[in-house]
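Heads up: the structure comes next, in structure tokens.
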Amino acid sequence: MTPVTERLSAALSGRYRIERHLGEGGMASVYLAADVKHDRKVAVKVLKPELAAVLGAERFVQEIKTTASLQHPHILPLFDSGTADGFLFYVMPFIKGGGDSRRRIALIQNWPELARSMGAKK
């Protein structure tokens, strides 16, 4: 584990157990984790700490709000969001199998654009 992943793992311990890094985009990284309370696999999307420090977290917070407002049978729900030891994150179901994992990461990374294309408001 990288130092950032170790710090994230410690920050989320008791709630989520980070298993591995799945991918990243310009703003955030996505991790496979185990939801300790509910015994299920989840995807945890975390704003990169260096970006939060320089640019602020407003865009990521808006992404969380947009994602939380979506309700559609073909869109994964938001399970949780918050901050822990300076990390801003949100949690969605992890979908195993059924295609290229890079494609799934791209969908997770691009929720705001997908939401807007489906008519969600900013």
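The values are calculated or read from the model by the stated rules, or taken from the named source; none is laboratory data. Since we're looking at a predicted model, the values are computed, not measured. Every residue, glycine as well, gets a Cβ built from its backbone with ideal geometry; the counts of neighbours run over all protein chains shown.
Computed quantities for the displayed model
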read-out	value
Hits in the stretch 38-52 - residues which are under 13 Å from LEU88 (Cα atoms) and assigned to a loop (DSSP other than H, G, I, E, B)	LYS48
Among residues of the stretch 16-48, those that are of a type outside the set (A, V, I, L, M, F, W, C), crowded, with 16+ Cβ neighbours inside 10 Å and touching a residue at least 60 places away in the same chain (Cβ under 8 Å), counted	3
Conditions (1) modelled with pLDDT of 60 or more; (2) under 20 Å from HIS21 (Cα atoms); (3) crowded, with 18+ Cβ neighbours inside 10 Å; number of the one not met by THR66	(2)
LEU8 vs. criteria part of a strand (DSSP E or B), out of contact with any His (no Cβ under 6 Å at 6 or more places or on another chain), surrounded by 12 or more Cβ atoms within 10 Å (Cβ to Cβ) and of a type outside the set (Gly, Ala, Ser)	no
Residue list for the stretch 14-37, restricted to those being assigned to a loop (DSSP other than H, G, I, E, B) and modelled with pLDDT under 95	GLY14, GLY25, GLY26, MET27
Of all residues making up the stretch 79-96, the number that are surrounded by fewer than 19 Cβ atoms within 10 Å (Cβ to Cβ), assigned to a loop (DSSP other than H, G, I, E, B) and at negative phi	3
Condition check for PHE60: under 22 Å from MET1 (Cα atoms), buried (at least 19 other Cβ atoms within 10 Å of the Cβ) and either under 10 Å from the mean Cα position of the chain (by Cα) or not charged (D, E, K, R) (or both)	no
Single match in VAL4, VAL61, VAL42 (criterion: modelled with pLDDT of 95 or more and either touching a strand residue (DSSP E or B) at 6+ places or on another chain (Cβ under 8 Å) or of a type in the set (A, V, I, L, M) (or both))	VAL42
